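K.L.:
My questions will all concern the structure given below.
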Amino acid sequence: MAEAPGAAWQQDVSVLVIAAHPDDEAIGAGRLLADHVGPVRCVTLTAGERCHGNHADLDGVARKRLREWAEALSVLGVTPVETRRWPDGGLAGHEGEAAEAVASLAAEADVVLAPWRHDPHPDHEAAGRIGAAAARRAGVPLLGYLVWTPYWFPAAEINRRGATLLVQPTSTRAGRLRTEAIARHHSQVRPQHPAIRPVVPSELVDRHERQLLVWEPDDQNA
């Protein structure tokens, strides 16, 4: 694994973070964001309202998750940006309009950070493609972050797909803030019923031992 390219990540750059769901950026990039000294803004493309199934009060779940998201971003020192949101689980059907909506925000940033386009969740894959399209339109670099990949796949899978896995050094303080931010997502990390495991298992959080990023040079020039 390599160090992140200096041209793509510096401590004073302006960053736009794209998430598919309200907790993605805390899990996959929390250390990085907590350490960053430049301005960071974040959008979530869905409210994650179907995390407990379609039988749940979807509007109530959406409101709760967005409150948790704002609290977690405050811990990380990140500014939430309100934008249109699309159906949880159905983001792939709205990629064009989502990329258009996000492109204007990307144009105000130096770097776009989005889920890796092969992270094993349909919404994460779509958010990765949306981030790539928005970054290209804005003419800024794109870096990917991982959410479920460390839980399901070995690091070699990233290289097999033609991407480079990067290690970004972060502070001990950033690790603590990431842990605190993730803990604010009560609906995800706490069991909602004694017989049901949390949506985000502790094993997933623990698999992120270091701050990893994904660099795909082809995305920068496509």
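K.L.:
Just to be sure I understand, how many residues within the range 37-47 are crowded, with 24+ Cβ neighbours inside 10 Å, of a type outside the set (A, V, I, L, M, F, W, C) and within 14 Å of residue 73 (Cβ to Cβ)?
P.N.:
Residues that pass the stated criteria total 1.
Let's see how each residue does on (1) part of a loop (DSSP other than H, G, I, E, B); (2) not aliphatic (A, V, I, L, M):
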{"position": "133", "(1), (2)": "no, no"}
{"position": "147", "(1), (2)": "yes, no"}
{"position": "151", "(1), (2)": "no, yes"}
{"position": "173", "(1), (2)": "no, yes"}
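K.L.:
Picking from 81, 102, 17, which residue would you name as being crowded, with 24+ Cβ neighbours inside 10 Å and in contact with a Cys (Cβ under 7 Å, 6 or more places away or on another chain)? Steps first, answer last, please.
P.N.:
Values: 81 fails: crowded, with 24+ Cβ neighbours inside 10 Å; 102 fails: in contact with a Cys (Cβ under 7 Å, 6 or more places away or on another chain).
Only one candidate qualifies: 17.
One line per residue, one yes/no per condition, for (1) under 27 Å from residue 211 (Cβ atoms); (2) free of Cβ contacts under 8 Å to residues at least 24 places away in the same chain; (3) touching a Pro at 6+ places or on another chain (Cβ under 6 Å):
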| position | (1), (2), (3) |
| --- | --- |
| 15 | yes, no, no |
| 19 | yes, no, no |
| 52 | no, no, no |
| 56 | no, yes, no |
| 64 | no, no, no |
| 67 | yes, yes, no |
| 74 | yes, yes, no |
| 79 | yes, no, no |
| 88 | yes, no, no |
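K.L.:
Just checking, does the range 103-120 include any residue being among the aliphatic types (A, V, I, L, M) and either without any contact (Cβ under 8 Å) to a residue 60 or more places away in the chain or out of contact with any Leu (no Cβ under 7 Å at 6 or more places or on another chain) (or both)?
P.N.:
Of the residues in the range 103-120, the ones among the aliphatic types (A, V, I, L, M) are 103, 105-107, 109, 111-114.
Still in the list and also either without any contact (Cβ under 8 Å) to a residue 60 or more places away in the chain or out of contact with any Leu (no Cβ under 7 Å at 6 or more places or on another chain) (or both): 103, 107.
Yes, the range 103-120 has at least one match.
K.L.:
With the checklist (1) without any contact (Cβ under 8 Å) to a residue 60 or more places away in the chain; (2) within 21 Å of residue 144 (Cα to Cα) in hand, flag the one item residue 200 doesn't pass.
P.N.:
Of (1) without any contact (Cβ under 8 Å) to a residue 60 or more places away in the chain; (2) within 21 Å of residue 144 (Cα to Cα), only one is false for residue 200: (1).
K.L.:
For the range 123-155, which residues satisfy the criterion of being aromatic (Phe, Trp, Tyr) and either more than 11 Å from the chain's Cα centre (by Cα) or buried (at least 24 other Cβ atoms within 10 Å of the Cβ) (or both)?
P.N.:
Within the range 123-155, the subset aromatic (Phe, Trp, Tyr) is 145, 148, 151-153.
Within the range 123-155, 145, 151, 152, 153 meet the criteria.
K.L.:
Does residue 191 meet the test of being over 30 Å from residue 103 (Cα atoms), outside any helix (DSSP H, G or I) and at pLDDT below 95? If you could, list the steps in order and put the result at the bottom.
P.N.:
Values: over 30 Å from residue 103 (Cα atoms): yes; outside any helix (DSSP H, G or I): yes; at pLDDT below 95: yes.
Yes; evaluated as a whole, the condition is true for this residue.
Every residue, every condition in (1) surrounded by fewer than 19 Cβ atoms within 10 Å (Cβ to Cβ); (2) not in a helix (DSSP H, G or I), yes or no:
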position	(1), (2)
158	no, no
166	no, yes
170	no, yes
209	yes, yes
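The values are calculated or read from the model by the stated rules, or taken from the named source; none is laboratory data. This structure is a prediction, so every number in the text was calculated from the model and none was measured. Neighbour counts are summed over all protein chains in view; Cβ atoms, including those assigned to glycine, are modelled from backbone coordinates with ideal geometry.
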